[in-house]
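The values are calculated or read from the model by the stated rules, or taken from the named source; none is laboratory data. None of the values given here were measured: they were computed from a predicted structure. When we count neighbours, we look across all protein chains shown, and the Cβ atoms used for this are built from the backbone with ideal geometry, even at glycine. What goes into the accessible areas is simple: the full protein's heavy atoms, side chains included, and nothing from ligands, DNA or RNA. Shrake-Rupley method; radii C 1.70, N 1.55, O 1.52, S 1.80 Å.
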Amino acid sequence: TKSTIISTALTELDTHLRAFVFSVLILNNEACLIRWDRTGAVVTNRFNYVDNSRLLVEFFWRFAHLMHGERSHNPSV
């Protein structure tokens, strides 16, 4: 449910001391990316990840190649 998704993101921000977190919401053959921070969330348009897997693969590739400090670790903690 929507409240479970929000609660999970907020828990991730609080318990892992993150400045922001990403979620991938998968609904059947469609997905969207969500970037959460303490002020809210930004959600991409849904896309068909079965027919257009390049978008999801590129997101994970780019995230995996970020430096440790760029992966949302909160430097003020």
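Overview of results
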read-out	value
Some residue of the stretch 69-76 being of a type outside the set (A, V, I, L, M) and either at pLDDT 95 or above or open to solvent by less than 50 Å² (accessible area, probe 1.4 Å) (or both)	yes
Filter result (of a type in the set (D, E, K, R), free of Cβ contacts under 8 Å to residues at least 24 places away in the same chain and surrounded by 12 or more Cβ atoms within 10 Å (Cβ to Cβ)) within the stretch 30-53	30, 35, 46
Residue match in the stretch 22-36 (condition: of a type in the set (A, V, I, L, M, F, W, C) and assigned to a loop (DSSP other than H, G, I, E, B))	no
Number of positions in the stretch 14-29 that are surrounded by 15 or more Cβ atoms within 10 Å (Cβ to Cβ) and touching a strand residue (DSSP E or B) at 6+ places or on another chain (Cβ under 6 Å)	4
The listed residue being in contact with a Phe, Trp or Tyr (Cβ under 7 Å, 6 or more places away or on another chain), closer than 13 Å to residue 72 by Cα, in contact (Cβ under 8 Å) with a residue 24 or more places away in the chain and not in a strand (DSSP E or B), out of 13, 56	13
Single unsatisfied condition, residue 48 versus (1) under 20 Å from residue 2 (Cα atoms); (2) at pLDDT 95 or above	(1)
Breaking point among (1) in contact with a Ser or Thr (Cβ under 9 Å, 6 or more places away or on another chain); (2) of a type outside the set (Val, Ile, Thr); (3) exposed (fewer than 11 other Cβ atoms within 10 Å of the Cβ), for residue 9	(3)
